[in-house]
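To keep things clear, I will list the structure first and then write my remarks on it.
None of the figures in this text is laboratory data; all of them are computed from the coordinates on show. If you're wondering where the values come from, they're calculated on a predicted model, not measured in any experiment. Don't worry about glycine lacking a Cβ; one is built from the backbone with ideal geometry, like all the others, and counts go over all protein chains shown.
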Amino acid sequence: MPPFRAIPVTEHRLRSMTGRAEPGPRTVVRFAGDSGDGIQLLGGEFSKAVALEHHDLLTLPDFPAEIRAPAGSTFGVSAFQIQFGGDGVLTPGDEADVLFAFNPAALKTNLHTLKPGGLIVAGEGAFTDRNLKRAGYAENPLEDGSLTGFRLIRIDMTRLSAEAVASTGVGKKQAGRAKNFWALGLCFWLFGGRREPAIDWISRKFAAAPDVVASNVAALNAGHAYGETMELDAGDAALGARGELHHGLFRTITGTDAMGLGLAAVAALSGLKITYCSYPITPASALLHFLASLKGQGIVTFQAEDEIAAATAALGASYAGGLGVTTSSGPGIALKSETLSLAVAAELPLLAIDVQRAGPSTGMPTKPEQADLNLALYGRHGEAPLPVLAPATPSECFDIVIEAARIATDHMTPVMILSDAYIANAAEPWELPEVDALPPIAPTFRTDPEGFEPFARDPDTLARPWAKPGTPGLAHRVGGIERASGSGEISYDPENHQRMTDLRAEKVARVALDGLDHDIDSGADRGDLLVLGWGSTYGAIEEAVSRMNRNGLAVGHLHLRQLAPLPPNLGAILARFSRVAVAELNKGQLVRLIRSEFLVDARSVTQVNGLPFRVSDLEAALRDCLDGSQGRPGHGLRTVTGSAGKTA
Amino acid sequence: MAERLIQLTPRDFETDQEVRWCPGCGDYAILKSVRKVLAEVGTDPDSVVFVSGIGCAARFPYYVETYGIHSIHGRAPSLATGIKLANPDLDVWVVGGDGDFLAIGGNHVLHALRRNVDINLLLFNNAIYGLTKGQSSPASLPGTRSPSTPGGSFDAPVNATALALAAGGGFVARTADTLQDHLPEVLLRAHAHRGAAMVEILQNCIVYNDNAFGDLARKKNRAEATVIVRHGEPMVFGAAADKGLVYEAERGTFRVTAEPSEASLHDETNPALAAALARVDDPSLPKPLGIFYCVERADYTTALERHLPYRPLTREALKDVLHEGSWTA
């Protein structure tokens, strides 16, 4: 069986990291400002420009849940971090080389992300008494000497951008909005990159308002000219050699984009009418917006009246012969639970995508966490097993959703996908797949009335036939009441319930034989420590393991894309290492599963602060696991031994 | 579709399942009417889907020889909406009780009506929870004694037809299980209506809420206790058709007249009249039955198709979608 059957593109990406070479020079830039400053747009456009210079990159938008918090407030600060350079950039970077602080609150809340000696570009025009007070500064930090450990460039971006756009004749309001484009222009000077593609994009994006195009372009050019005239330089952070992305066709995508494109691919590969049913929730709604923008090409989108209706409508669509897809984040997934149990009972395909966020309850809606694993694995009434998949990177969302659709239709089962707020929002370059090489998804609809039984089973997969309404001669009834094996008629027979429960479990277990094949992602093939992860922690674990490998440590990294059923060879891989550590952004949900399934003394490395792992923190915690002194304080991670949750 | 060569009969819609309702349950009469209507319409049984939630009424799909799915308490209207999204050509009927439609699933009924999804919603209203052994329901009259309200219920009931009209329902009707002429007549019209059709069927629960609808269900006094309204006809009632209802449009009320010639004509396109009929609860007035309101507007999947026409995505078209915003390294 080929590895990562449905993941040819990602596979390439993963393989590219296994060389274990010292990574080339990297740059981490962080933009921070008011939520009305256009920070995310600035970051997104800078990312595109960086990608066009052939750099690999990974971005981390870090924004508040509030739409427009009061100007100047610390809780209204929106930030965007990007790491770029060479090939194989897997995280947004532990600490920034350059921090753009658009106002005092942005400086206050983001200075800790800047490395010692790093460069601060401060928008000094916004460092007014009022803003300083709002940010909690008694003295102006640009003047009181508190930033002496950093390089500081003070620029009144507010005034300079307003002056630059004055000649275009736009109003004061629009003039004030051009600041982010001014900063983008300055970035082109500081880090290199061509302005033309950005100007083209501005011209297209604001085509309906020529004065807005003119003012944004004027600001962009002025920012660039300012850097040139003042001979500003970013020092070591400036781009050295060009990146080394190999020749190919790329686009910059977030996990949300990749998931949406994956669903479009499912439509094309299967011919099924994808019926996407969702209810607004952060951060999952972005997928609804993306799919709605496809305007009916292969996919029908439906904004339901609530989470439950979204799930049941999706299931109804699958019953009728489409492929129902429903998406949410934790609180909404909880509401869909009863429908998922019906999908298990009625044995219908369904995709349920959980874009996890920090919980419980509303928690921190824009921050990532991996704490819905138990919900996905166990959060249904009755014995209701279903396959659970998790993409490791934004790009992998494309492949995982295709794989999920294949499993759902081949095995007649609902499938859950666990993404999270980080994967959904992070962006990276993605090499476009060869569409003609993607294998078809070939759902089989029953058409022959001869000997038809709705709950007869395929001998290999144990899948029941998919007989959609409208098919002559196959009229039948399905439902939540236990069905007699074969005929599907209502049955309260004790032996039948035992048999059907066993069959449903066995059917899902057999997905393992046909599902994603797993092997070591990178590092040692056997040795002292296996680091097991899943989901969005991929990049941080990969880099931490890579650093340890360069120090001669026999550490391997295995990242699970399929959490239920677990890969059949997982036990054998675990046995090749003397120790196992499970790193995840929760309180130890996968580690308990690994311990109970395989009776191994797996250590737990966890973090629940709403942020991705920092590579350096993770490496320190993994080293503790390696030398047995787990629990050493001071690295910011909690290393938990065993399932009892004993902490340092 | 080719014309049917064989005339269907109600028997063609019987399944091999033993019907498991209590002897004397009103559901039997409704089942009989529905089978009769399906045969009369001559619709292809393979293109019909019955969707239900949970409750006594929700067992309905097992007893009709068409496609059927018995789903989750309250959620049948949204599941049916999904069916129509995937295949708008299916003839979808949704069956539920007052617990299903007015309590746990009230929200979905509201939105199915507002969106005007082309489905027939059959509300079997017996004003009690049957399958869970007799608790009072949101449709129970105040004072209903039940295991959960031993001193009698005291909260106000939901008026299903008034609710359906308020939600924007384009077809709203009320009938009763015992009216074996009127019930099929209403069902035929509901089926013919393109868009969401809400039919409240007053249904007797012989075990937990017998005679909840009093004279309305009894043949003896029915003609005095009810008025059946038909479009364009005077609203007359009484065993000798000797009484009439006069619609007082200004206040939205009715009075009884002993002069049938004075009776107002029913106009099923008049939303104010429909709302007034739905809301009648004065014991001195007959209970209105019939099609209160019937006005067509674009149904949901037709409007969707007009707005965002679905078309299958070819591999070639997929390439265009993927390549948007791409660059060559």
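For a straight C-alpha distance cut-off of 18 angstrom, the lysines reachable from A:Lys108 (same-chain residues fewer than eight places away being disregarded) are A:Lys133.
Between A:Leu611 and A:Lys173, with labels modelled 7 Å along Cα→Cβ, what's the label distance in nm to one decimal, could you check? About 3.7 nm, to one decimal. Taking amide H positions as modeled 1.01 Å from N, with prolines and chain starts lacking one, the residues under 5 Å from A:Val582 and 5 or more places away or on another chain are A:Leu532, A:Arg603, A:Ser604, A:Val605.
Between B:Asp210 and B:Gln17, what length comes free when the chain is fully extended (0.36 nm per residue of separation minus the Cα-Cα distance, one decimal in nm)? Working shown, then result.
Values: separation 193, 0.36 × 193 = 69.48 nm, distance 2.63 nm.
Additional length available on full extension: 66.8 nm.
Between rounded, prolate and oblate, where does segment A:522-641 land on the alpha carbon gyration tensor, with a ≥ b ≥ c its root eigenvalues, rounded for a/c under 1.5, else prolate if a/b exceeds b/c? It is rounded, given that a/c, with a ≥ b ≥ c, falls under 1.5. Other residues lying with their Cβ under 9 Å from the Cβ of A:Leu611 contribute a combined charge of +1, Lys and Arg counting +1, Asp and Glu -1.
If you take the square roots of the eigenvalues of the alpha-carbon gyration tensor of segment B:1-150 and sort them as a ≥ b ≥ c, do you get rounded (a/c under 1.5), prolate (a/b over b/c) or oblate?
Working: a/c = 2.55, a/b = 1.48, b/c = 1.72.
Taking the square roots of the gyration eigenvalues as a ≥ b ≥ c, segment B:1-150 is oblate.
Would you please classify the overall shape of segment A:551-617 from the alpha carbon gyration tensor, given that a ≥ b ≥ c denote the square roots of the eigenvalues, rounded means a/c under 1.5, and beyond that prolate means a/b larger than b/c while oblate covers the rest?
Cα axes put segment A:551-617 in the oblate bin.
Dipole check for segment A:252-437: with +1 at the C-beta of Lys and Arg, -1 at the C-beta of Asp and Glu, and the Cα centre as origin, the magnitude is about 400 Debye.
Once backbone amide H atoms are built at 1.01 Å from N, A:Ala426 has A:Gly255 as its partners under 5 Å, excluding neighbours fewer than 5 places away on the same chain. For segment A:336-348, 3J(HN,Hα) computed residue by residue from phi via the Karplus equation (6.51, -1.76, 1.60; θ = phi - 60°) reads 7, 3, 5, 5, 5, 5, 5, 4, 5, 5, 6, 6, 10 Hz, glycine and proline entered as x. Cross-link reach is defined here as a Cα-Cα straight distance under 15 Å, omitting same-chain residues fewer than 8 places apart; for A:Lys173 the aspartates and glutamates meeting it are A:Asp37, A:Glu163, A:Asp211. Nearest 5 percent is fine: what portion of the DSSP beta bridges confined to segment A:26-237 is antiparallel? The antiparallel proportion sits near 50 percent. In the protein assembly as shown, a dipole from Cβ-located charges (positive for Lys and Arg, negative for Asp and Glu) runs towards its positive end, and of A:Leu249, A:Ala65, A:Val28 it is A:Ala65 whose Cα lies farthest in that direction.
For an R0 of 41 angstrom, estimate the FRET efficiency from the Cβ-Cβ distance between B:Glu40 and B:Arg315 and round to the nearest 0.05.
On the way: r = 46 Å, r/R0 = 1.13.
That pair, B:Glu40 with B:Arg315, gives E of 0.35.
Among DSSP beta bridges whose residues both lie in the protein assembly as shown, state the antiparallel percentage, nearest 5. Counting only bridges with both partners in the protein assembly as shown, antiparallel ones make up about 35 percent. Taken about its Cα centre, segment A:484-582 carries a charge dipole of roughly 380 debye when the Cβ of each Lys and Arg holds +1 and the Cβ of each Asp and Glu holds -1. In order along segment B:28-45, phi translates into HN-Hα couplings of 4, 5, 5, 4, 4, 5, 5, 4, 4, 5, 4, 5, 5, 5, x, 5, 5, x Hz, rounded to whole numbers, per the Karplus curve 6.51 cos²θ - 1.76 cosθ + 1.60 with θ = phi - 60° and x for Gly and Pro. Each of the peptides B:100-113, A:312-325 was scored by the mean count of other Cβ atoms within 10 Å over its residues; in descending order, highest first, they stand as A:312-325, B:100-113. Across peptide A:257-263, the mean count of Cβ atoms from other chains lying within 10 Å of each residue's own Cβ comes to 1. Each Lys and Arg Cβ is given +1 and each Asp and Glu Cβ -1; about its Cα centre, the protein assembly as shown then shows a dipole of about 1160 debye.
Projected label points at A:Ala207 and B:Val295, each 7 Å from Cα along the beta carbon direction, are separated by 4.1 nanometres. Only one residue of A:Leu41, B:Gly55, A:Pro385 has its Cα farthest out toward the positive end of the dipole of the protein assembly as shown, where Lys and Arg carry +1 and Asp and Glu -1 on Cβ, and that residue is A:Leu41.
Which order do the peptides A:359-370, B:129-140 take when ranked by the mean count of other beta-carbon atoms within 10 Å per residue, highest first?
On the way: A:359-370: 18.5, B:129-140: 20.8.
Taking the mean over residues of other Cβ atoms within 10 Å, the ranking is B:129-140, A:359-370.
Taking a straight line from the alpha carbon of A:Lys115, these aspartates and glutamates sit under 13 Å away, with near neighbours fewer than eight places off in the same chain left out: A:Asp94, A:Glu95, A:Asp97, A:Asp236.
Remark: segment B:266-279, residue by residue, has Karplus-estimated 3J(HN,Hα) of 7, 10, 6, 9, 9, x, 5, 5, 4, 5, 5, 5, 4, 8 Hz, where x stands for each Gly or Pro and the curve is 6.51 cos²θ - 1.76 cosθ + 1.60 at θ = phi - 60°.
Please average, across the residues of B:62-74, the number of beta carbons from any other chain that are within 10 Å of each residue's own beta carbon, and give a whole number. Working shown, then result.
Numbers: counts 5, 1, 2, 3, 4, 12, 6, 13, 8, 11, 10, 2, 4.
The mean count of partner-chain Cβ atoms within 10 Å per residue comes to 6.
Sort B:304-314, A:588-598, B:250-260 by the packing proxy (mean of other Cβ within 10 Å over each peptide's residues), most packed first. Present the calculation step by step, with values, prior to reporting the outcome.
Numbers: B:304-314: 15.3, A:588-598: 19.5, B:250-260: 13.4.
Ranked from most to least packed, the peptides come out as A:588-598, B:304-314, B:250-260.
With a threshold of 26 Å on the Cα-Cα distance, the entries A:Lys336/A:Lys367; A:Lys468/A:Lys507; A:Lys336/B:Lys84 are all at or under it. Counts of other chain beta carbons within 10 angstrom of each beta carbon in peptide A:299-310 average 5. Of the residues A:Asn216, B:Thr43, B:Ala223, the one whose Cα sits farthest towards the positive end of the charge dipole of the protein assembly as shown is A:Asn216 (charges of +1 on Lys and Arg Cβ, -1 on Asp and Glu Cβ, taken about the Cα centre).
Shown is the FRET efficiency for A:Leu41 and B:Thr149, computed with R0 = 51 Å from the Cβ-Cβ distance and rounded to the nearest 0.05: 0.30.
What percent does the relative contact order of segment B:193-297 come to when contacts are Cα pairs within less than 8 Å and at least six residues apart? Numbers along the way, then the final one.
On the way: 170 pairs, mean separation 25.5, N = 105.
Answer for segment B:193-297 is 24 percent.
DSSP bridge analysis restricted to segment A:252-437 gives an antiparallel fraction near 15%, rounded to the nearest 5. Between A:Thr282 and A:Glu163, the contour length at 0.36 nm per residue exceeds the alpha carbon distance by 39.1 nm.
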